[in-house]
Structure formats: structure tokens, C-alpha cells
1. Taking amide H atoms as placed 1.01 Å from N in the peptide plane, list the residues 5 or more away in sequence, or in a different chain, whose amide H sits under 5 Å from that of Tyr482.
2. Within the stretch 641-685, what whole-number % of the accessible surface is contributed by carbon and sulfur, with the 1.4 Å probe and all protein chains included in the calculation?
3. By how many nm would the segment from Leu675 to Trp126 lengthen if fully extended, with 0.36 nm per residue of separation less the alpha-carbon distance?
4. Grab the other residues whose beta carbon is less than 15 angstrom from that of Gln211, score K and R as +1, D and E as -1, and report the net.
5. Give me the net charge for the shell around Asp655: Cβ to Cβ below 10 angstrom, other residues only, Lys and Arg +1, Asp and Glu -1.
6. In the stretch 565-643, which trypsin sites (Lys or Arg not before Pro) are in a loop and have at most 12 other Cβ atoms within 10 Å, using DSSP for the loop call?
7. Taking H placed 1.01 Å from N in the peptide plane, check which residues at least 5 places from Ser499 or on another chain put their amide H under 5 Å from its amide H.
8. Which of Lys553/Lys603; Lys106/Lys257; Lys523/Lys553; Lys67/Lys106; Lys523/Lys590 have a Cα-Cα distance over 29 Å?
Amino acid sequence: MRRKRAALVVYDWAVLLVVALVAVTAFPAQAYAYVDPSVMTYTIQALAGVAVALSAVLGVALRRTRKVLMRALHIDENAHKQVEPMVHRVDGSNKGGVDLLATADKSARRCHEEQVADSQARKLSWPQRFIRSMIAALFLIGTVFIVAPLEVVSGSASSLVFGPGDVATLVICAGVASSVLLALLVSITRGRAFDVVIAVIVALGLCCYVQAMFLNNSLPIADGHALDLSSYKTITVISAILWAVVIVGSLALNRYKVRLWRAASMGLCFFLIIVQGVGVIGAIASPSTHPKDIVVTEEGLFDVGSRGNVVVFVLDTFDTQEVDRLLIEEPGLFDEFTGFTYFRNSVGSMVPTRYGIPFLLTGVLPDDSQGFNEFIDSWYTSSTLLPDLADAGYDIGVYSDSIESSYLGMRDIEGIEFVAEYASNVQDQGAITLDPLGTLFVLDKVALYRDVPWLLKPLFWFYTDDVNSGAISKDKADATPYAIDDAAYSEELFSRGLSADTVENAFRFIHLNGAHIPYVIGKDGHENPVGSTLDDQSIGSIAIVDEYLRQMKKLGVYDDATIIVTADHGDWYLTSDELRGPTTPVLLVKPAESNEEAAAPLKVSMVPTGHLDYAATLVDAVGGDSSAYGPTVFEVQEGPRLRYYWMTTSSGYDDQELKEYVIDGSVLDFDNWRLTGREVKVQQG
């Protein structure tokens, strides 16, 4: 009999597997097509009808198949069930009728007692408790600490220095091990306590699943801004209520219908484990959004040339208006910037960082005669900037995690491959080296941020750069993937210092967080454990550059160096509308000059320049022919000059359009800004 029951159990689990696999097909990959609105309603009705019909057919087929199996195994379907007896007339005036009534009464009482006893489910042996515990634990831990990290990494692969394939083994092994440990702990409990613990685990897993699937649609991107729940009051309340209802409902069902809840909870867990498992396999097996074997390393980060140097510091989001404000309170802010010129009338190029950094590495702006995809495809390959720097005999080091255009996907693969041809630190290293504990810690934090209710999300807030810096291994400095981490860079710079005995001529492009949130750097350039402010972090960013300049002076390579301190863009905000004010990246430039000139105090210039003259300045600095790029910042004359800037409109999650502005006059006066009408529609993927 046990073998027959075991066969039936195997069939039931197989049915759950089939249903789960069918459910997976309900979430296909995105497809884009045009459907005439006049037929859309009828199409939806027809598709809904087909879905209902197929579901009914599947249900009937599986039910009848089970009945056939039970007949073949000679299993009574009504065994251990309360079955209504045949209805017939009873005459209570004779003895036979009285006996029948007594028998019916006794049967009714027995049924009532069995219903009351339903809450007292049969006792489970330790192996039975462990199996149930393992299924529940794998559902909860798998949902939060296996599925969530891998899906987040897969969806954000182009913003990270690693992909799902790099962390899959680590995440899955840690998740399974944690599930086994949790199952062992839970299986120690017995009786009602065991059922209650299982009910809570299953409820938490279901809440996390529903939270991730249906309640995170309005979750903002991890761009450094802290999560302000006051802006998400409705969804926060809905999320809290749903969690409370699911948990209380699970405990209530467990209290009054233990047998039913035991079967239903295990079936639900198994079903969702299969559904999510298929998704995880897809995430791991999906093609990478860019070649992860090409890694931007820290090799040469603290090396400068013994003869010639061109150094570019990109302080993210650092705006000229912020500099002007700081100089009022900190007039000695740029005392170390001897020989520099501060260009206050500086126009940027593009926003956000995913466009700003590629521009600074190419000098190429969009052209509305091209489609967006054509522009991205040829952005790097159409540029001669890096080749010209390499042809001048300079060792090129590019240190940024934004070489590619972020989530633009497969369209920008050639970007990092192109840079790898010229930058010695961008290398084909195969699988990158990760810190296992650091990786698990940061990915678990990301997973909890995604899956917990809105009310608790601020506790697990993270920034994309935190994921990169927390996961990479620091064991081999030159092979360590570069991640923007101003605190770590500062500590290394102050303790290790610069070296000038590796190469003769060096070009260094160093992208730091600068004035970008989150604010963690103090005025001294070191991390402030209790947090910082925009002004303090901005001053701290300059303090980091100050230390770099001091060490160049100490090494005797400062005077002959060209140094540019700028930003990928100025102060910027997500908007689907037009700009509301000027945005202008900081621009300070020191050319190669004499000892006396290099020791002169900072000068201020209002010539109409900016990023449009950046490429020419670089090529001129390495001794190349800069005429093809236009004037350098030092060749621009006072007077009228039209300059162009491309803003990006955004829905808050996706870029929508690139719009061109023309600036005629001072960039700091927004009356001089106007749209030209040239636009490029952004296409994803």
C-alpha cells in the first residue's frame, strides 16, 4: 500500500511540475509589435478565452489521468473521507427506523469529532519534518538570496563589473547551504510549534515573491539618492497591509486547517521553486550585455610618467555653480592648483554619466541625422582621440566603470573592446576575482532591498557603485577591477603615493564620485563614517586631487604635465521636460609650462569654452595635431560663440530623447539657453 501511495505522491508532484512549467510560459521575453487599437479589445478577449479554455482542458486531463492511475493501483479515492450516505426514507414508528436513526446520529457525531480533530494533525517523524522544512526553507531563502541577487545582477550587468555567471555558483551554494541549516533548525521543533514556524516561513517567502513581482514597479533606480518613503506613502501602506494579511492568513489557516495547510503550503512552495528556478536558469544562461572577460583594472592607477603626463580627473556631477558657492566660504580651496586656469564659462556635453564618460573618451556628440542605435554603434569606432594619444607614445590608463553606455546593452559592446585596444589597464582577464564574503554581503543587501516591504527598504538602501566596490577582491592590486570608490582611492593615494618609474609618458583618465550622491567623504578627502554633505564632499574631492598634485610636484613631474579637472556633467536631475536652469561641469586646466608659470596662483577665465574644446586640448598636450578637433581651451578668444549641449529626457527609469540646446552667451545665465529642435529618440537594447 505504501508503494501505491508513493506512486500517487510522485504523480501529484509531477503534476505540480507540469503546471509550474506551463506557468513559466506566461512570462515570455518582451516583444515589440504594433496592434491597431480598433481590434485590441477583441484580441484581448480572444486570447483570454483561449487561455481559459486551455487551462480547463489541462485541468480535466490531469484530473482524469489521476483517476485512471488510482483505479490501476486499486486505491479508493474516497478512503479516509466523509462521504454522504445514500438518501432514503426512514420510518421512526418501528424498531428498524429507530435503529437507522441511531446509526445516522452516531455517524454524524463521529464526523463532527473528526472535523474538530482536523486541527490536531497527525504527528510527523523527524525525516518528514526535515523534508517539509527543507522545501519551505529553500522557497524562502531561494526567493530572497538566490533568485533576487541573480536577477538583479542579470538586469544590471552593464552597470556592474561582474555578471550572473561570475556569482551564480557562489550564490547558489550559499543559498542551498543556508536552506539546509535553516531546515535542520526548524526540524528540531515538534507539534504545533513546528507547524507555526513552517507557516511563518512560507508566508514570508510568499510575501517576498509578491513584493518583487507586483509591488516594486515604482521603486526608484539606485542612482545614489536615498529612498524617501514620504514620496511613496500609498505603496508603502499597501505593501505593509499585504504582508500583514498574508502572514496572519497563513497562521489562521494553519490553526484551523492544519492538514489542508500542510498540503497546500508544500505544493505552493514546490510550484514557486520550479517557476523561479526556470527564471534563474534563464538569467544565468542569457547572453551577457557586454564581454565580462574584458575588465577595467587598477593597473597603473598610481603610476605617472617620468617624462610627460596628461592627467584627467572626472569629478562626477561637480558643477561650476557649486565651485562658485564653495569659493565664497573656502577662498583657499584651489591653493594647490598652481598654474591652473579656472574656466567659469564652461559648457558640458551630455548627461547622464553613461553618455558623459563616452564623450570624454571620444569627443563625439550625437547627430540627429543618425538613429540612436547607429550613433551608439559607431560612437567609439568613429573617434580618433584614443588612437591619437596612443600614437603620441603615451601609456593610456582609463579608470571608469562607465566606459560603456550603461544599460544600452548589446549595442555598446564595441565600446569597451575599442578602449581595450589602447588602454593598458583594460584587459582580457577571463573571469574576474571576487571577494566571496564581500560579494555575498553586498548581494544579500541588494536582495533584501528588493524583496522586503517598502517600510523596511531604507534599511537596505544601496548605490550601484557600492555593489562593485564591495564585491571585487583587493588581493592583487594591478588585477583588481576598478570601481568608483572615492574613500578607497583616497586611502590608497595617501598611503601608497604615486610612482614615476614605470612608464615614460602617461595619460591617466580617473573617474571619481566627486559631488555625486551618496555623500560619504569629509573635507579632508577621507571617508566620514557618520556621513557627509554636498559641500563637504565637494571640498573632499578637491582635497583628493590636491594630494595627487602635491605628489606630482614631489616627484618633479608637475611642471611639464597637462592636468584637467572636470566633470562628466554638471548638476543634473531626472526630468521628462525641458531644463529648468543652467548645468555646467567644472573645468580647470593646467598646461605644460615653465617653473614660474606652474607656480603661479589660479587664474580665472570667462572665455566661451567647455567640453567642445576638451579633445583638442588633450591632443595638443601630447604633441599631436589638434587642428582637426578645433581650438584648445587656451586658443578660444573672448566674444560671441555658439556652443551646444545635449540633455536627456527621462521617465525616471528609461531615457526617452536626447535634445540639443544652444548657448549664446554666458552659460551661467539661463536666458542664453534655448532648444534647437534637434532630437534623437533613445532606443533601448
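1. Val296, Thr297, Glu298
2. Using a 1.4 Å probe with all protein chains present, the stretch 641-685 comes out at 44 percent carbon and sulfur.
3. Length gained, Leu675 through Trp126: 190.4 nm.
4. Every neighbour counted, the sum reads 0.
5. Counting the neighbours of Asp655, the net charge comes to 0.
6. Working: sites: Arg580, Lys603, Arg641, Arg643; in loops: Arg580, Arg641.
The qualifying sites are Arg580.
7. HN-HN under 5 Å from Ser499: Asp303, Val304.
8. From Lys553/Lys603; Lys106/Lys257; Lys523/Lys553; Lys67/Lys106; Lys523/Lys590, over 29 Å: Lys67/Lys106.
The values are calculated or read from the model by the stated rules, or taken from the named source; none is laboratory data. The structure presented is a predicted model; accordingly, all values stated were derived computationally and were not measured. For neighbour counting, all protein chains shown are included, and Cβ atoms are generated from backbone atoms with ideal geometry for every residue, glycine included. Please note that ligands, DNA and RNA were not included when accessible areas were found on the heavy atoms of the full protein model with its side chains. Shrake-Rupley method; radii C 1.70, N 1.55, O 1.52, S 1.80 Å.
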